[in-house]
Amino acid sequence: MKRILLACSAGMSTSLLVTKMKEAAEAKGIDVEIWAVAQDKAPKDMERADVLLIGPQMRFMKKKFGVTAAEVGIPLDVIDPMAYGRVDGEAVLNKAIELIDGK
Amino acid sequence: MNRFMEILENILMPIADKLNNNRYLTALRNGFMVALPLIIFGSIFVVIANLPFLDKVISEEAWAAYQSALGPASAATLSIMGLFVIIGIGYKMVEVNEGESIYGGVVALGSFLILTPQVLDGTSGVIPTSSLGAEGMFLGIFTAFISAELYHLFVRKNLTIKMPAGVPDAVARSFSALIPITLTLSLFLIVRIIFSYTPFDTVQNFIYTLIQEPLTALGSGLPATILAVLLIQLFWFFGLHGQIIVNSVFDPIWYALNDQNYQAFINGTELPNIVTKQFIDTFIVGIGGSGMTLAVVIGIFLIGRSRQLKELGKLGGPAGIFNVNEPIIFGLPIIMNPLVLIPWLVAPVVVALVTYFSMATGIVPKPAGIIVPWTTPAVLSGFLATGNHIMGAVLQIVNIVIVFVIWWPFLKIMDNQYYKNEQGSESK
């Protein structure tokens, strides 16, 4: 089970991506839990996630989230803007799994 | 061009980081988030209490009874929104320091009430509700910041009563807050007493006259508004969340202006302000999201030939109706795309000017101070924001047409480029 957390300003636009990522995971037969939160909820939710992906419009939060991520020992990254714009669930899912496996 | 963009991004990124991560601005933003459900509750009841045509259908007495029955809903929430914002700020300030956050909320509230006038027209024991709403907003924000900081300072200095082992945890906790809260509130009492010997009489009056009034006057003006709009657009052009960054500075001003209009609206007097929270949220940002991209989505459906834009329209359309437009911003793309820089910056400014002057001339009513959730679809949101007035909806449609016209040539060029590329790659 891979637990993927997405964060943006209000958790609205990333939740679009969550739906697409779940579809991609189902098609590939990967067991995942994916959810999106608003930025201020992210540090708390990181504790039960394996990876944090940040919406590119909030990329200036990477430094701050990085501190918490290091504490709980999970990788984090900013979602590629092109994949974000196309709501490319598969690409973002692959990226998330790559980050989890890479740690 | 690339070099120039790089330099600009290097300037904007640290600003975004500073504004978004500054702890006072974070607490302020989160404080407003705490108050938002109550503000929206109050707004809903203002809308229901002022349903159009109802006053013409039922008798005058029934109408008055109907309005006075629903009045307390907004009087207890929207009118005194300052209270909820202050509790929210105090709570969030202490929460980040991992203290007992609820004490942060009550110490902020207590400090604010100590500084608030407790007499109205010679009657003592009365707190004027106006000072708990718009007029007290700035004082409340400052008080919440300072009182939460002081409370935390006293806790950190260990100025607490230590309970012997065996005392239940909850009991010990209630005593642990005693000294920090007593010290904090005492300091505010001293401030109140000192101010009563000045010509300002109350701190509220002092802050209102010296800070709030000049700032809101500045914020309600066209130059500051256009600057705010341009900054939102510029941040988004670099793919940074423009509103969240700019709002953290402008929200107190916009909400205060909004509340002045709301008070006038329920009293039936002339609305004082054009620029308010809803001016920005409903007539500029709230038409498909920042940059009013609903018009761009419509443009894609009308003139799009390339597969890329058609796909994007399908992806971004439904979300755009509810003013979520990241797919369009990152997918068109708008970010770092020199071709769209002109319509991206020009269209919102033109729309801001049109909206401002249509309200200044009275063609469209000014926003009634009702807070409409930002995910409310355009046309409906304009109707609600102007106090159930059809011209609010009409103005939004006009604004969509304006954005569409400004974007049209640029969208056409982009579509042709994508179309040619697609044809080219297929024939290879």
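What the table shows:
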| quantity | calculated |
| --- | --- |
| Residue count for the range B:129-159, restricted to those that are surrounded by fewer than 17 Cβ atoms within 10 Å (Cβ to Cβ) and in a loop (DSSP other than H, G, I, E, B) | 3 |
| The one condition in (1) surrounded by fewer than 17 Cβ atoms within 10 Å (Cβ to Cβ); (2) more than 20 Å from B:E149 (Cβ to Cβ) that B:E98 fails to fulfil | (2) |
| Positions within the range B:41-89 being surrounded by fewer than 19 Cβ atoms within 10 Å (Cβ to Cβ) and hydroxyl-bearing (S, T, Y), in sequence order | B:S59, B:Y66, B:S68 |
| Residue match in the range B:277-290 (condition: in contact with a helix residue (DSSP H, G or I) (Cβ under 6 Å, 6 or more places away or on another chain), under 28 Å from B:E6 (Cβ atoms) and part of a loop (DSSP other than H, G, I, E, B)) | yes |
| Residue within the range B:174-191 that is farther than 30 Å from B:P367 by Cβ, of a type in the set (G, A, S) and touching a residue at least 24 places away in the same chain (Cβ under 8 Å) present | yes |
| Failed item in (1) of a type in the set (K, R); (2) under 13 Å from the mean Cα position of the chain (by Cα); (3) over 18 Å from B:G331 (Cβ atoms), with A:K63 passing the rest | (2) |
| Selection status of B:L25, within 13 Å of chain A (Cβ to nearest Cβ) and touching a Ser or Thr at 6+ places or on another chain (Cβ under 8 Å) | yes |
| Residue among B:E98, B:E60, B:E9 that is at positive phi, in the same structural domain as B:Y151 (by TED's automatic domain parsing) and not aromatic (F, W, Y) | B:E98 |
| Index of the failed condition, B:F410 passing every other in (1) in a loop (DSSP other than H, G, I, E, B); (2) more than 13 Å from every other protein chain (Cβ to nearest Cβ); (3) over 30 Å from B:S220 (Cβ atoms) | (1) |
| Candidate set from the range B:247-277 (those that are more than 9 Å from the chain's Cα centre (by Cα) and aromatic (F, W, Y)); member that is surrounded by the most Cβ atoms within 10 Å (Cβ to Cβ) | B:Y262 |
| Residues of the range B:213-240 classified as polar (S, T, N, Q) and within 14 Å of chain A (Cβ to nearest Cβ), total | 1 |
| Selection from the range B:44-81 of residues that are assigned to a helix (DSSP H, G or I) and in contact with a Ser or Thr (Cβ under 8 Å, 6 or more places away or on another chain) | B:F45, B:V46, B:A49, B:S74, B:A75 |
| Unmet requirement for B:I245, which otherwise passes all of (1) more than 14 Å from chain A (Cβ to nearest Cβ); (2) in contact with a helix residue (DSSP H, G or I) (Cβ under 9 Å, 6 or more places away or on another chain); (3) in a helix (DSSP H, G or I) | (1) |
| Sole residue being in contact with a Pro (Cβ under 7 Å, 6 or more places away or on another chain), over 22 Å from A:V87 (Cα atoms) and either in contact (Cβ under 8 Å) with a residue 40 or more places away in the chain or not charged (D, E, K, R) (or both), chosen from B:A385, B:A319 | B:A385 |
| All positions within the range B:177-203 that are exposed (fewer than 15 other Cβ atoms within 10 Å of the Cβ) and in a loop (DSSP other than H, G, I, E, B) | B:Y197, B:T198, B:P199, B:D201 |
| Qualifying residue in the range B:260-271 (condition: under 29 Å from B:W408 (Cα atoms) and outside any helix (DSSP H, G or I)) | no |
| Selection status of B:T198, out of contact with any Asp or Glu (no Cβ under 7 Å at 6 or more places or on another chain), within 30 Å of B:T276 (Cα to Cα) and not hydrophobic (A, V, I, L, M, F, W, C) | no |
| Flag for B:F206 being without any contact (Cβ under 8 Å) to a residue 12 or more places away in the chain and either in contact with a Gly (Cβ under 6 Å, 6 or more places away or on another chain) or assigned to a loop (DSSP other than H, G, I, E, B) (or both) | no |
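Yes/no per residue for (1) within 12 Å of chain A (Cβ to nearest Cβ); (2) under 25 Å from the mean Cα position of the chain (by Cα); (3) under 27 Å from B:I253 (Cα atoms):
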site	(1), (2), (3)
B:F283	no, yes, yes
B:G286	no, yes, yes
B:G299	no, no, no
B:I303	no, no, no
B:K314	yes, no, no
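The values are calculated or read from the model by the stated rules, or taken from the named source; none is laboratory data. Being a predicted model, the structure only gives us computed values, none of them experimental. Note that each Cβ is placed from the backbone with ideal geometry, even for glycine, and that neighbours are counted across all protein chains shown.
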